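Accompanying notes for the structure given below.
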Amino acid sequence: MKKFIISLIALLAIIVSSSMTVRYIHSSSSKIVESIEYASSLINNGKWIEAKSAIDDINSKWDDTEKSWALLTDHIEIDNIEVSMLKSKEYIRTKNLPLSLSELENLKFMIEHIYEKEKFNLKNIF
């Protein structure tokens, strides 16, 4: 009986910590995605200076988020996000409309993908 209770407590601790991790990833990814969408709208409206500020803000948010995510998720995906950030920043700096929008959408997908990969669902369990 004692082993069963210890096992049950351990299982509950795993479930609670996993739930908190997924909630944190969802919260932080949502904030970054909102900023990416804002930057995309600025680019669509030809506001390149504001878009550069927006991408700098995204980079700042990512720097804070990346430290935590590095403990929680795959490093290859984090590296891919960082590469996409650099590309986005450069495309915005050179005012390249199609590539800027394309790379921001790619960045948005990669950030949302991490949440989708980490959340609880049958696809991720089996």
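Cross-link pairs exceeding 23 Å in C-alpha to C-alpha distance, out of Lys3/Lys119; Lys2/Lys119; Lys31/Lys117; Lys47/Lys87, comprise Lys3/Lys119; Lys2/Lys119.
Rounded to the nearest 10 degrees, the inclination of helix 75-93 to the longest alpha-carbon principal axis of the chain is 20 degrees. Relative to the 2.2 N^0.38 Å rule of thumb, region 1-76 has a C-alpha radius of gyration ratio of 1.67. Per the Debye calculation on region 22-125 with a single equal scatterer at every Cα and no solvent contribution, log₁₀ I(q)/I(0) for q = 0.14, 0.17, 0.19, 0.25 Å⁻¹ amounts to -0.51, -0.72, -0.87, -1.35. Every pair of different Cα atoms in region 62-114 enters the Kirkwood calculation, which places the hydrodynamic radius at 11.4 Å.
Each value in this text was obtained by applying a stated rule to the coordinates, not by laboratory testing. On a predicted model such as this, the values are computed, not experimentally measured, just so you know.
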